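> Here's a structure for you.
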């Protein structure tokens with residue numbers, strides 16, 4: 001999936017340079033393009049609680065390095081400026097102002113996160129700077145009328161949540177559902193889709209809902225509270241660290257006790273990419289999503305390697 005994404009990004013860069021054909025013949029280029037270089041930017045959480053997603057930026061940098069070694073795009077090398085925003089929206093805004101106003105990039109490609117991209121979408125569109133292949137599945141990125149310069153990439157969180165809700169509604173008798181979600185647009189989109197999938201039965205089936213902040217060091221207390229609600233199904237719309245903690249707490253924390261019968265949906269990410277364009281694993285081990293519909297107590301057998 002990552003290889004396909006990056007191939008599309010390279011194709012978009014080719015399209016951008018070809019579209020400026022007459023201008024190129026006159027040696028007049030827009031921001032971020034010269035005879036020898038195409039400059040693009042992004043932010044990723046290389047530090048902080050969401051740093052598991054740093055694999056995105058490392059893999060993209062390695063891919064573009066490989067493209068450059070092969071001659072670049074129409075003879076131009078791609079320069080990727082990837083900055084650390086720590087998954088903090090204020091830092092995302094600061095860094096994108098730098099990318100647009102100081103570094104003068106052609107566009108922003110692959111910035112990670114729903115709250116982070118939400119913080120910059122108006123700015124990017126006010127500057128008419130391409131803001132594409134967002135590493136976020138928020139449904140808002142399809143609003144081409146108000147945000148014509150912005151384009152998402154992932155399947156929408158609402159559509160995924162809807163699938164899980166419909167599955168439970170149609171296949172799980174006597175379900176008592178607990179929900180854990182990240183307290184931002186990411187989590188809200190998932191939960192809205194999940195409830196839509198449950199349909200009219202949502203109010204009857206859901207017995208407890210809790211959220212967590214991405215900055216929280218642990219979500220153990222939320223899992224204990226959700227278990228105490230009497231739920232036998234857990235829907236967890238969580239990312240990276242919180243997803244790993246949820247899996248661990250459910251698999252090991254309730255040993256010798258009654259378990260949740262079913263765990264639905266964990267959102268995780270793992271990669272063995274070193275950022276080396278010659279690393280043969282670069283296009284093989286990038287896992288953007290890990291989804292689970294897993295009976296317990298065997299959940300420990302399904303924990304992805306590396307988390």
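Each reported figure results from applying straightforward, stated rules to the coordinates on display, with no laboratory input. Because the structure is a prediction, the values reported are computed rather than measured. All Cβ positions, even for glycine, are placed from backbone atoms using ideal geometry, and neighbour counts span all protein chains on display.
> Using 7 Å Cα-to-Cβ label points, what is the residue 229/residue 125 separation (nm, one decimal)?
3.4
> Going by Cα centres, the stretch 193-243 and the stretch 140-161 are how many Å apart?
24
> For a footprinting-style exposure proxy, rank 172, 250 by other Cβ within 10 Å, fewest first.
Fewest-to-most Cβ neighbours within 10 Å comes out as 172, 250.
> First measure r as the distance between the Cβ atoms of residue 146 and residue 97, then evaluate 1/(1 + (r/R0)^6) with R0 = 25 Å and state the FRET efficiency to the nearest 0.05.
Plugging the Cβ-Cβ distance into 1/(1 + (r/R0)^6) gives 0.75.
> Further question on the same structure: Report the gain in length on full extension from residue 70 to residue 202: 0.36 nm times residue separation, minus Cα-Cα distance, nm rounded to one decimal.
42.2 nm
> Let me ask something additional. What distance in nm lies between label points placed 7 Å from Cα along the C-beta direction at residue 35 and residue 171?
Output for this residue pair reads 6.0 nm.
> Using only Cα atoms, locate the centre of the stretch 32-56 and the centre of the stretch 64-132, then give the distance between them in Å, rounded to an integer.
6
> Students often check this: by mean Cβ neighbours within 10 Å, which of 144-150, 131-137 ranks highest, and how do the rest follow? Walk me through the numbers on the way to the answer.
Values: 144-150: 13.4, 131-137: 24.0.
Averaged packing, sorted descending, gives the order 131-137, 144-150.
> Also, I was wondering about something else. How far is it, in nm, from the label point at residue 218 to the one at residue 183 when both lie 7 Å from their Cα along the line to the Cβ?
1.9
> Moving to a separate point now. So for each of 225-237, 191-203, 175-187 I average, over its residues, the number of other beta carbons within 10 Å; can you give me the resulting order with the highest mean first?
Values: 225-237: 19.9, 191-203: 17.8, 175-187: 21.9.
Highest to lowest by the protection proxy: 175-187, 225-237, 191-203.
> Can you put 28, 249 in order of Cβ neighbours within 10 angstrom, beginning with the fewest?
Ascending Cβ contact count within 10 Å gives the list 28, 249.
> Based on the mean of other Cβ atoms within 10 Å per residue, sort peptides 101-111, 60-70 so the most packed one is first.
With the highest mean Cβ count within 10 Å placed first, the list reads 101-111, 60-70.
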